[in-house]
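Written below as structure tokens is the structure these notes are about.
The values are calculated or read from the model by the stated rules, or taken from the named source; none is laboratory data. Please read all numbers here as calculations on a predicted model, not as lab measurements. Cβ: placed from backbone, ideal geometry, glycine included. Neighbour counts: every protein chain shown.
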Amino acid sequence: MPKTATKVANRNDLQDNAKQTSISVLSACLTDSIDLYNTTRHAHWNVKGPHFHALHIMFEEFYGTLEKDIDEVAERLVQLGGTAMGTSQSVASGTRLAPYPADIKAGMDHLNALLDRYSAVAKGVREGIDQADEAGDADTADLLTAVSRNIDKAVWMMEATATPTGEG
């Protein structure tokens, strides 16, 4: 779980317990999403093989979507009085994702490694939606729902790409 700084007072009238819950949820989702963004860029830069072009373009689309979602999550975190921790050190020490195998090159190996991580982030975001909703923060739950849709779409696209013709 990423470290969170002391909550900054603000005029947002959300109850303090809801703010604290959402700050914690958003911090975890932010850390994992930044790790996933960096991992997706790594795969984009290093993918090789017969599916290079299609995967290279797909991974670029994914990290572009992640970049927008990361910004929304970070800004919501700050709106609630938290501090958006995005340094390499804070991400490395706080991510819930397994380390990415930096030595892989083959397109399908990257695809499967990313699928594992996107699925883990999807699970964490859905848990965050439930926690924010239970705490009474509908806006954070709504924001994370949009993020969840984007992650689920990426998972679907990767699964469709990874499934051999005639299966599925």
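See the values below:
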| read-out | value |
| --- | --- |
| Answer from D116, D133, D103 - the residue that is at pLDDT 95 or above and exposed (fewer than 15 other Cβ atoms within 10 Å of the Cβ) | D116 |
| Among the candidates E60, E75, E67, residue that is assigned to a helix (DSSP H, G or I), more than 14 Å from M157 (Cβ to Cβ) and in contact (Cβ under 8 Å) with a residue 12 or more places away in the chain | E67 |
| M158 being of a type outside the set (S, T, N, Q), in a loop (DSSP other than H, G, I, E, B) and surrounded by 15 or more Cβ atoms within 10 Å (Cβ to Cβ) | no |
| Qualifying positions in region 22-54 - buried (at least 23 other Cβ atoms within 10 Å of the Cβ), more than 21 Å from L143 (Cβ to Cβ) and not small (G, A, S) | T39, V47 |
| Residue in region 70-90 that is crowded, with 18+ Cβ neighbours inside 10 Å and touching an Asp or Glu at 6+ places or on another chain (Cβ under 6 Å) present | no |
| Residue among T40, T31 that alone is touching a Pro at 6+ places or on another chain (Cβ under 6 Å), modelled with pLDDT of 95 or more and part of a helix (DSSP H, G or I) | T31 |
| Any chance G128 is of a type in the set (G, A, S), part of a loop (DSSP other than H, G, I, E, B) and buried (at least 16 other Cβ atoms within 10 Å of the Cβ) | no |
